[in-house]
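Colleague: Okay, here's the structure, questions in a sec.
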Amino acid sequence: MSDVTHGRENSKDGTQISRRGLLVGGAAMIAAAALPAATFAAGAKAVTSTSPNRTLRRQSMSMITTEDGTQIYYKDWGKGQPVVFSHGWPLSADDWDTQMLFFLKHGYRVIAHDRRGHGRSTQTGGGHDMDHYADDLAALTAHLDLKGAMHVGHSTGGGEVVHYLARHGESRVAKGVIISAVPPLMVKTATNPGGLPKEVFDGFQAQLAANRAQFYYDVPAGPFYGYNRPGAKPSQGVIWNWWRQGMMGGAKAHYDGIVAFSQTDFTEDLKKITVPVLVMHGDDDQIVPYADSAPLSAKLLKNSTLKTYKDFPHGMPTTQADTINGDLLAYFKA
């Protein structure tokens, strides 16, 4: 187990559209949007609708349907060795866009999904627990018949990756990576005295229930990206992109997800994993405190590499993408 520390790195073309053409075209779009969700399941054909003035084409979204009927949206770009990304709470596959473009350019096949209740996946009322998260990920990897995959999980996604490996085995996996991840256990208990009090997570749920939109602005504008630190230079684009992703998802999924990421004990899962796992964490993480997460996970894993990043925040895959992407690439090639 090695320990590497990094420093901070800092149409207006004159064309007229007839009123009739606009109305007909608009009606066609409404009709397309009203089609059953099954129309847009994996493998569905593009939906086309014609009007006297134009042809409207809506491409099918990539979806799988799980055993309980939940539709899981995913992106699957490129060819080569697969890299599968699992996002944090309460975000979506979009949070990995920078990494997906980077590894696509380097010859990898990149895949990311929206967790159930998040992003474009079904806003189901139940199943918001680590067992379902892991099972959904297993269903996706089986559907795509992935082999020799690298699995990368951030925050709650790190817990998803760990539970997936322990629950479904490693036959399809070459390596794992957990970044700013919630294992082994976030909440304070008699056996985890360094955890955060349950009242902290109860407060998250209360703020979400009272004013989710405001809560989802305050988190990225403050501790998630370290924008509350002296000298920090907040990016409004990054803040609003976090807000956008959060508000795409379902309030019930996010509310229950707080319990899933804070109260799931991954200790036994970590002990079962035998593939190499890279553990990456910033020592200024205000969401998942470093001391009670990364070093403990690295000790429980059989084959781990711990990388500690000086002053990096919880959302370091975004704010420090160049460093994180470079280290991931080196690890994949090693």
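Colleague: Return only the number of the condition from (1) crowded, with 17+ Cβ neighbours inside 10 Å; (2) assigned to a helix (DSSP H, G or I); (3) of a type in the set (A, V, I, L, M); (4) within 21 Å of the chain's Cα centre (by Cα) that L296 does not satisfy.
Modeller: Status for L296: all satisfied but (4).
Colleague: For the condition closer than 19 Å to N303 by Cα and surrounded by fewer than 24 Cβ atoms within 10 Å (Cβ to Cβ), what is the one hit in A181, A174?
Modeller: Being closer than 19 Å to N303 by Cα and surrounded by fewer than 24 Cβ atoms within 10 Å (Cβ to Cβ) holds for just one of A181, A174, which is A174.
Colleague: I'm trying to understand the selection: among the residues of the stretch 163-183, which are of a type outside the set (V, I, T) and assigned to a loop (DSSP other than H, G, I, E, B)?
Modeller: Within the stretch 163-183, G169, E170, S171, R172, S180, A181, P183 meet the criteria.
Listed here are the residues, each with its yes/no results for (1) on the phi > 0 side of the Ramachandran plot; (2) assigned to a helix (DSSP H, G or I).
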residue	(1), (2)
L91	no, no
W96	no, yes
L101	no, yes
G107	yes, no
V110	no, no
H118	no, no
L137	no, yes
T141	no, yes
L146	no, no
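Colleague: Sticking with this one: Filter the stretch 226-253 down to the residues that are exposed (fewer than 14 other Cβ atoms within 10 Å of the Cβ) and small (G, A, S), then identify the one that is nearest to the chain's Cα centre (by Cα).
Modeller: Step by step, filter the stretch 226-253, then rank; the result is G237.
Colleague: Residue pairs, Cβ under 6 Å, 6 or more apart or interchain, first in the stretch 188-210 and buried (at least 16 other Cβ atoms within 10 Å of the Cβ) and outside any strand (DSSP E or B), second of a type in the set (D, E, K, R) and at pLDDT 95 or above. List them.
Modeller: Pairs found: G195/K188; G195/D292.
Colleague: So, one more: Between a residue in the stretch 107-122 that is farther than 12 Å from S86 by Cα and any residue that is at pLDDT 95 or above and among the acidic types (D, E), which pairs come within a Cβ distance under 6 Å, given they are 6 or more apart or on different chains?
Modeller: R120/D114; S121/D114
Colleague: For the stretch 63-106, which residues satisfy the criterion of being among the aromatic types (F, W, Y) and under 25 Å from Q214 (Cα atoms)?
Modeller: W89, W96
Colleague: Moving on. Among the listed residues F312, F332, F261, which satisfies the condition of being buried (at least 21 other Cβ atoms within 10 Å of the Cβ) and either among the acidic types (D, E) or not in a loop (DSSP other than H, G, I, E, B) (or both)?
Modeller: The match here is F261.
Colleague: So L278 clears everything in (1) buried (at least 21 other Cβ atoms within 10 Å of the Cβ); (2) closer than 14 Å to T156 by Cα except one condition, right? Which one?
Modeller: (2)
Colleague: If you go through the stretch 226-235 one residue at a time, do you hit one that is part of a helix (DSSP H, G or I) and out of contact with any Gly (no Cβ under 6 Å at 6 or more places or on another chain)?
Modeller: Checked against the condition, which is being part of a helix (DSSP H, G or I) and out of contact with any Gly (no Cβ under 6 Å at 6 or more places or on another chain), the stretch 226-235 yields no hits at all.
The values are calculated or read from the model by the stated rules, or taken from the named source; none is laboratory data. Since the model is a prediction, treat every value here as computed from it, not as a measurement. Cβ coordinates were reconstructed from backbone atoms using ideal geometry, including for glycine residues, and neighbour counts include every protein chain displayed.
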